[in-house]
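Peer 1: Handing you this structure, nothing more for now.
Just so it is clear, none of the values below were taken in a lab; they were calculated from the coordinates. Everything numeric in this text was worked out from a predicted model, so none of it was measured. Counting neighbours? That spans all protein chains shown, and the Cβs are built from the backbone with ideal geometry, glycine included.
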Amino acid sequence: MVSDHSMPPLRTALLAQLLGALIAIGLVALLYPALFGQPIVVAVLQGSCAAFTSYKLEAPPWWHPIHLGFMPLVVEASKLDLSPGWYLGAFALLLAVYWRVAQSRVPLYLSNEKTAAAVAALLPNRNCRVIDLGCGNGTFLRKMARLRPDCSFCGIEYAPLPWLWARLLCIGVGNCHVTYGNLWHQSLADFDLVYTFLSPVPMPELWSKACAEMRPGGLLVSNTFAVPGHEPMQVVDVVDRRATRLYCYLPADRG
Ligand SMILES: C[S@@+](CC[C@H](N)C(=O)[O-])C[C@H]1O[C@@H](n2cnc3c(N)ncnc32)[C@H](O)[C@@H]1O
């Protein structure tokens, strides 16, 4: 659903690892074959080559230390003699939390309490409907629902574990409802305020969706990520440690 013309991050990462391995193996074979008897040294060399390749491929900077440490950690972990089930379990857990992040480019991180209070202050003094697109574990929704018991709050989430967590968290909170699904298939027509905390990647597409579906007067509030090329109607600076900014738009009333 997300349009981005750069190489997908997992493909870049795989390429960096493979090229790193080829360069490291080539160097050791040519210069000092006896090093093959010391896997950790070869792994450190592979990690350095992979990190350099990642840098050359212009991957985001936080990928480089991951490449540097990956193969050395694999070599060290293999000495622990852990059952493969632990690795499978850890993989399944990460998958259930981060789901299709390589495609959506939206990982899980959470809005804080001060942000919930700032968004609640943007709501009109009448009952209204709010949706959190990609509601994570539902903590933001539940805080909002408690701050404004007269309004109704919906969340939509497609990562299985955060969704389940959100469902459980909102049990007994009558004005809070969480559904499992893809935000791109959710109509925005019925909401007075649409809240998002995604990433820079989906913002242009989200803007088109909001313009097509939101009703006049409907407020789009994006935590941290502005819509490129469009002036927000208002920017709210939340006084918190991460200096959260809320970009507020009226998509149906533009122009
Ligand atoms: C940064 S978290 C924000 C969580 C919550 N809104 C908050 O502010 O605390 C973004 C969430 O969006 C979810 N997400 C990303 N793409 C999605 C999609 N296409 N449909 C549903 N959820 C999605 C992710 O799984 C993640 O839980």
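Peer 1: Name the most mobile residue of A159, A243, A117, meaning the one with the largest mean-square fluctuation, in a Gaussian network model of the chain with Cα contacts below 10 Å.
Peer 2: Ranking A159, A243, A117 by mean-square fluctuation puts A243 first.
Peer 1: Going by Cα centres, the stretch 196-233 and the stretch 89-164 are how many Å apart?
Peer 2: Here the answer is 16 Å between Cα centres.
Peer 1: Go through the stretch 170-255 and name the trypsin sites (Lys or Arg not before Pro) that are in a DSSP coil and have 16 or fewer other Cβ atoms within 10 Å of their Cβ.
Peer 2: Qualifying residues, ordered by number: R241, R242, R254.
Peer 1: So, one more: Give me V101, V106 sorted ascending by neighbouring Cβ count inside 10 Å, so fewest comes first.
Peer 2: Fewest-to-most ranking of V101, V106: V101, V106.
Peer 1: Where in the stretch 99-179 are there trypsin sites (Lys or Arg not before Pro) that are in a DSSP coil and have at most 14 other Cβ atoms within 10 angstrom of their Cβ?
Peer 2: R100, R126
Peer 1: Residue by residue, what Karplus-based ³J(HN,Hα) values in Hz, rounded to whole numbers, does the stretch 139-147 have, using 6.51, -1.76 and 1.60 with θ = phi - 60° and x for Gly and Pro?
Peer 2: 5, 5, 4, 5, 4, 4, 4, 6, 6
Peer 1: Projecting each Cα onto the charge dipole of the chain (Lys/Arg +1, Asp/Glu -1 at the beta carbon, about the Cα centre), which of M203, L164, L220 comes out farthest on the positive side?
Peer 2: L164
Peer 1: To continue, here is another question. Suppose we keep just the DSSP beta bridges with both residues in the chain; what percent of those would be antiparallel, to 5?
Peer 2: Taking every DSSP beta bridge with both residues in the chain, the antiparallel ones total about 30 percent.
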